[in-house]
Amino acid sequence: MTLPKAINPCPILDASVEVRFTTKLHPSAVFGMIYNVLQTTFPKVENLPILQLPEAVRATDPNFKFKPLYRISNPNFVAQIGPDVLAISSFPNYVGWDMFSKQIFSILDRIEKVGIIGTVLRIGIRYINFFDNDIFKNIDLKISIGKNNIAYENTIIRTEIEQGDYKSSLQVANNANQNNKLGSIIDIDTYTESNLTNFFKDKDDLISGAHAKEKELFFSLLKGEFLKTLNPTY
């Protein structure tokens, strides 16, 4: 199947790449080292609300593991940084994979040079898409109870799908609210915890591979007649 390069209007609310890692530094030093190499590109700095919690709580509660503490941004991109995580987003608007991937690899190249990352534990790419209709009518996903299909009223479905060396966490919901508009979301987080020993050497293939798996899953969900209404370009 030939996948579209884009659909219009673009349904993507947020697109992000996340890298989880161990560091060679004291955790409190990670943000400063990363910001030092990114500040010319990301001039705006914000503390995230999690910083209001005591450090002892953040360090011992597993729910706060891999949570960013700081947000830096420019008009097209956002980077969120924690002691063991870096997330890069195309926000507030999706700029397309070509431009987004160039920004991702540029950031990672600069971070590699300062040598703060010890071991990469997980990489993931996540796309959250919003549609202003009941998406269950337009996708090839069926849930039944016994022999009866469910009505899909106020429905949230989450599952995990194996895709070779990658896994995709798929969530579909038709009770989403975006700017006071009711609709549906397709949320796909494609990740791997394998083959990361030489992450910086292999990062292009690893991240591009995750993007390809995410995109393949997304378009495999859409019914052909619905896809035609989205003005795909190839």
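The values are calculated or read from the model by the stated rules, or taken from the named source; none is laboratory data. Quick caveat: nothing in here was measured; it's all calculated off a predicted structure. Cβ sites come from the backbone with ideal geometry, for glycine too, and all protein chains shown count toward neighbours.
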Any hit, the stretch 158-166, residues being closer than 19 Å to ASP14 by Cβ, exposed (fewer than 12 other Cβ atoms within 10 Å of the Cβ), within 21 Å of the chain's Cα centre (by Cα) and without any contact (Cβ under 8 Å) to a residue 24 or more places away in the chain: yes
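Restricting the search to the stretch 205-229, which residues are surrounded by 14 or more Cβ atoms within 10 Å (Cβ to Cβ), over 14 Å from ASP165 (Cα atoms) and out of contact with any Asp or Glu (no Cβ under 9 Å at 6 or more places or on another chain)? Talk me through it step by step, then tell me what you get.
Here is the first cut: in the stretch 205-229, the residues surrounded by 14 or more Cβ atoms within 10 Å (Cβ to Cβ) are 206-219, 221-222, 226-227.
Now restrict to residues that are over 14 Å from ASP165 (Cα atoms): 215-219, 221-222, 226-227.
Result: LYS215, GLU216, LEU217, PHE218, PHE219, PHE226, LEU227.
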Counted residues, the stretch 7-54 - those being surrounded by 15 or more Cβ atoms within 10 Å (Cβ to Cβ) and of a type in the set (Gly, Ala, Ser): 2
Among (1) in contact with a helix residue (DSSP H, G or I) (Cβ under 8 Å, 6 or more places away or on another chain); (2) under 26 Å from ILE188 (Cβ atoms); (3) aliphatic (A, V, I, L, M), the one test that ILE116 misses: (2)
Matching residues, the stretch 82-120, being in contact with a Ser or Thr (Cβ under 7 Å, 6 or more places away or on another chain) and assigned to a strand (DSSP E or B): ALA87, ILE88, SER89, ILE117, GLY118, THR119
Residue match in the stretch 21-36 (condition: among the charged types (D, E, K, R) and modelled with pLDDT under 90): yes
Qualifying positions in the stretch 30-60 - over 22 Å from the mean Cα position of the chain (by Cα) and in contact (Cβ under 8 Å) with a residue 60 or more places away in the chain: MET33, ASN36, VAL37
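For every residue, the table says whether it meets (1) more than 17 Å from ILE207 (Cβ to Cβ); (2) among the β-branched types (Val, Ile, Thr); (3) crowded, with 17+ Cβ neighbours inside 10 Å.
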{"position": "VAL57", "(1), (2), (3)": "yes, yes, no"}
{"position": "PRO68", "(1), (2), (3)": "yes, no, yes"}
{"position": "ILE72", "(1), (2), (3)": "yes, yes, yes"}
{"position": "SER90", "(1), (2), (3)": "no, no, yes"}
{"position": "ASN93", "(1), (2), (3)": "yes, no, no"}
{"position": "PHE105", "(1), (2), (3)": "no, no, no"}
TYR234 at pLDDT below 95, of a type in the set (Ser, Thr, Tyr) and surrounded by fewer than 12 Cβ atoms within 10 Å (Cβ to Cβ): yes
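Yes/no matrix, rows are residues, columns are (1) free of Cβ contacts under 8 Å to residues at least 12 places away in the same chain; (2) within 23 Å of PHE136 (Cα to Cα); (3) not small (Gly, Ala, Ser):
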| residue | (1), (2), (3) |
| --- | --- |
| LEU196 | no, no, yes |
| LYS201 | yes, no, yes |
| ASP205 | yes, no, yes |
| GLY209 | no, no, no |
| PHE218 | no, yes, yes |
| LYS223 | no, yes, yes |
| THR229 | yes, yes, yes |
Some residue of the stretch 171-193 being among the hydrophobic types (A, V, I, L, M, F, W, C), in contact with a Ser or Thr (Cβ under 8 Å, 6 or more places away or on another chain), surrounded by fewer than 20 Cβ atoms within 10 Å (Cβ to Cβ) and not in a strand (DSSP E or B): no
